[in-house]
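Take a look at the structure below.
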Amino acid sequence: MNAKVKLFRSMFNKLFSDYTSEIEKKLYILFEELNEEEKIKGLDQQAMKEVNSFLMQLADGLSIPIDEYESLKNELSTSFDKVIEVGGKDKVFAFAQLALEDDKAKEFQFSKERIRYAEEDKSFNFLSTYPIKVIYSFLKDEDEQIISVVLNTLKFNEATEGIHEKLTSLFPNNLPPVMRNVKKGVLREIERVIERRLSSFMSE
């Protein structure tokens, strides 16, 4: 995975966890700089909902003032001006067609890559069995970072979108953002602890 794709994936994840208009503009500018293979790698294994949201926004288009566009593009290009990408599947196949017999050249005709969606996270589905007021009464005393992780996870799970919307309206807007992707093992442990404690909370 080259530097451009790594930066794109990092910015893509940040867009959905710590949104700013500058990140959004840089991300779309960078996407247009990628070739087809790089674009697929950049979106590969991302959540379906996030990929669809990204592509729908791209379809709508963004209007960026020329000066700002050039400035943001220059910021991005400084990361890659010392890197030259060598090779690639299309280049190898084109060369093979010229240099080899047809049956041999076909060995280098790689199948086109396609975007594979990440498996949808079903974490915190159990919360749908509790009234919103009960969930809020329990969560409001938790660490703010834990609250942010829970809300962020609920947001990207179709089964719990409604819970996310209702809970978000009850919590302050100044909760700390989720700065990086939370590993599934950590998320499962948070889920397990909250489920156990919430059950105890209800029995008090």
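Any read-out appearing in this document is the output of simple, stated calculations on the displayed coordinates, not a laboratory observation. Everything quoted here is computed from the prediction, not taken from an experiment. Don't worry about glycine lacking a Cβ; one is built from the backbone with ideal geometry, like all the others, and counts go over all protein chains shown.
Observations on the structure shown:
- Percent RCO, i.e. relative contact order, over the range 125-203, from Cα pairs under 8 Å lying at least 6 residues apart: 36
- Computed lengthening from Ile23 to Phe93, 0.36 nm per intervening residue step minus Cα-Cα distance: 21.6 nm
- Lys/Arg +1, Asp/Glu -1 at C-beta; the range 3-84 dipole; positive extreme among Leu27, Met11, Ile66: Met11
- Ala47 long-range amide H proximity, modeled H, under 5 Å: Ala118
- Label-to-label distance for Ser203 and Ile66 is 7.0 nm, based on points extended 7 Å past Cα in the beta-carbon direction.
- Only helical runs count toward this figure. For the chain, summing -39,500 (n - 2.57) over DSSP H runs of n ≥ 4 and dividing by all residues gives -18500 deg cm²/dmol at 222 nm.
- Size of charge dipole - the chain - debye, nearest 20, with Cβ of Lys, Arg +1 and Asp, Glu -1, no other charges: 600
- Once both labels are positioned 7 Å from their Cα atoms along Cα-to-Cβ, the gap between Asn52 and Val186 label points is 2.8 nm.
- Think of each Lys and Arg Cβ as +1 and each Asp and Glu Cβ as -1; about the Cα centre, that makes the dipole of the range 3-84 roughly 340 debye.
- Within the listed set Val51, Val134, Val178, the Gaussian network model of the chain (springs between alpha-carbon atoms below 10 Å) gives the highest mean-square fluctuation for Val134.
- If you take all other residues with their beta carbon under 12 Å from the beta carbon of Ile29, and give Lys and Arg +1 and Asp and Glu -1, the sum is -3.
- Kirkwood Rh in Å, taken over the chain so that all alpha-carbon pairs contribute: 20.1
- Here each label is just a point 7 Å from Cα along the line to Cβ, and for Phe171 and Glu144 those points are 1.2 nm apart.
- Averaging the sequence gap over all C-alpha pairs within less than 8 Å and six or more residues apart, then dividing by the number of residues, gives the chain a relative contact order of 24 percent.
- Dimensions in Å of the range 3-84 - Rg and Dmax from alpha carbons: 12.3, 35
- Rounded Å value of the spacing that divides the Cα centres of the range 1-63 and the range 123-197: 25
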